[in-house]
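The values are calculated or read from the model by the stated rules, or taken from the named source; none is laboratory data. Note that the structure is predicted; figures quoted are calculated from it, not measured. We place every Cβ from the backbone using ideal geometry, glycine too, and count neighbours over all the protein chains shown.
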Amino acid sequence: MFDRNGGHGRGLDAERPEPAGARSQEHNPMSSANGTQADPAASLPKPEGLEGVVAAATALSHVFGEEGRLVYRGYDIHELAGKAGFEEVAYLLWHGRLPNGAELDDLRQRLGANRALPESVLATLRALPGDAEPMDALRTGVSALGAAEHGLFDATPDLDEAIAVTARVPSILAAFFRLRRGEEPVPPRPELNTAQSYLYQLFGREPEPRHWRPLEVYLVLLADHGMNASTFTARVIASTQSDLCSAITGAVGALKGPLHGGAPSKVLDMLNEIGSVANVEPWLTRALDGGERLMGFGHRVYKAEDPRAEILRGMAEEASDPAFFALSKTTEERALAMLEERKPGRRLYTNVEFYSAAVLAAVGLPGDMFTPTFAVARTVGWTAHVLEQMANNRLIRPQSEFVGPTDKHFAAIEAR
Ligand SMILES: CC(C)(COP(=O)(O)OP(=O)(O)OC[C@H]1O[C@@H](n2cnc3c(N)ncnc32)[C@H](O)[C@@H]1OP(=O)(O)O)[C@@H](O)C(=O)NCCC(=O)NCCS
């Protein structure tokens, strides 16, 4: 593992040179001020939010932030979007190459055969309150899956497990979606592809091409994305030799936050609140004056437009209601201009979440199913990263900089 200056630290434990531009801590509480020995960890770089720290070597995907490029296993995302199906991309990420026809058929068949949920997982979902957030239901469902099928999800994650959990995640979401509406879960149909099957299990009717085709492109675009927060979470959990469902449960929790995958429903909320093209400017002015972050803009790595946003914008234009697309486009244009005025030099661009909202709404999903649908796609990336981590595992255990006191004396409770 390497930091951006070439430092080397497998398992994040080695001393590294100061990364250029890292916001390092000047304060060293363990130095001679209190008479204790200097802590070697205190001299290590401390980039805020681990910015620029390379936490693992991966051949899966890479975000070229300056260029605005995303590559899966050597293929630019533009090579795959709209051409490769989701299962083909899953195969690519898991195996490192595209499948031939027989290999693809075999994977489709295995995914189809793995969609049914154990009774105890369904019982767990039934026990949840109907107003629970779908991401909470997913986190709970994956955790319940690990307990229900502990013989399958043992301590050494493998491809069979990756396929099993990838096939079951949409079923968990669809079952909860129906249960909260007072409807029974729909048994999966193995002959359908992932995008078709997810929509079929959600709505209980034959999915229309105008819905499942854009959903499939969305799933391809979101399948993996370098060392994002939820992927890092999955790799950390896997590195302890925990099981795959634990790693995916943790990753779902990380994805839920609005700074990561939780933004698209908030984009929809924002656009609904704005309501009309005439209200774009006053709404954005009020939000930015109040110090709010505009959902769907900015990225830790991209300092150019997110290539997924560009593809999704085109899809949104085709798939969504023209008035809603016009509102989205005006909001985007004004937001970019105002962010540049107010945060000059920060290079804040449209991210993947902004047009995900329009595309997923056009597919027929309600806002609170947007981030869960992101999880349907990303389960492929998470599981592929776990398999890669386990192929050359070392416990991921970084250092912290201790900033507390060290010289206190215990006082009995009566004396406090
Ligand atoms: C994605 C995100 C978390 C990246 O954060 P980060 O790399 O930690 O960036 P920072 O928080 O250091 O932000 C850098 C500066 O840009 C500003 N900024 C970043 N994103 C912004 C946004 N969406 N709206 C307004 N200002 C934003 C910050 O306020 C900060 O300004 P400052 O230096 O004056 O304090 C951040 O851009 C964000 O919160 N975006 C909105 C949520 C979102 O769309 N999430 C989905 C991500 S795919």
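Annotation note: of Ser230, Ser242, Ser246, the sole residue that is part of a helix (DSSP H, G or I), buried (at least 17 other Cβ atoms within 10 Å of the Cβ) and more than 16 Å from the ligand (Cβ to nearest atom) is Ser246. Region 300-381 holds helices (runs of 4 or more DSSP H) entirely within its bounds, and those carrying 2 or more residues that are touching a residue at least 60 places away in the same chain (Cβ under 8 Å) and crowded, with 18+ Cβ neighbours inside 10 Å map to 307-319, 352-363. Across region 195-241, the number of residues qualifying as of a type in the set (Lys, Arg) and within 23 Å of Gly82 (Cβ to Cβ) comes to 2. So for region 269-289 (the condition being assigned to a helix (DSSP H, G or I) and under 25 Å from Ala81 (Cα atoms)), does at least one residue qualify? No.
Examine region 262-275 for a residue that is more than 16 Å from the ligand (Cβ to nearest atom) and either at negative phi or touching a His at 6+ places or on another chain (Cβ under 7 Å) (or both), and state whether such a residue exists. Checked against the condition, which is being more than 16 Å from the ligand (Cβ to nearest atom) and either at negative phi or touching a His at 6+ places or on another chain (Cβ under 7 Å) (or both), region 262-275 yields at least one hit. If you go through region 51-73 and keep only what is among the hydrophobic types (A, V, I, L, M, F, W, C) and either within 17 Å of the chain's Cα centre (by Cα) or under 26 Å from Ala90 (Cβ atoms) (or both), you end up with Val54, Ala55, Ala56, Ala57, Ala59, Leu60, Val63, Phe64, Leu70, Val71. Within region 188-200, is there a residue that is more than 12 Å from the chain's Cα centre (by Cα), among the basic types (Lys, Arg) and outside any helix (DSSP H, G or I)? Yes. Restrict the check to region 253-270 and report whether at least one residue is touching a residue at least 60 places away in the same chain (Cβ under 8 Å) and more than 26 Å from Val63 (Cβ to Cβ). Yes, there is a match, as at least one residue in region 253-270 is touching a residue at least 60 places away in the same chain (Cβ under 8 Å) and more than 26 Å from Val63 (Cβ to Cβ). Residues that are of a type in the set (Ser, Thr, Tyr), within 16 Å of the ligand (Cβ to nearest atom) and within 19 Å of Ala251 (Cβ to Cβ) within region 344-387 comprise Ser356, Thr371, Thr373, listed in sequence order.
Could you pull out the residue among Arg286, Arg293 that is within 12 Å of the ligand (Cβ to nearest atom), of a type in the set (Lys, Arg) and free of Cβ contacts under 8 Å to residues at least 12 places away in the same chain?
Details: Arg286 fails: within 12 Å of the ligand (Cβ to nearest atom).
After applying the criteria, what remains is Arg293.
Annotation note: of Met338, Met369, the sole residue that is at pLDDT 95 or above and closer than 26 Å to Arg181 by Cα is Met369.
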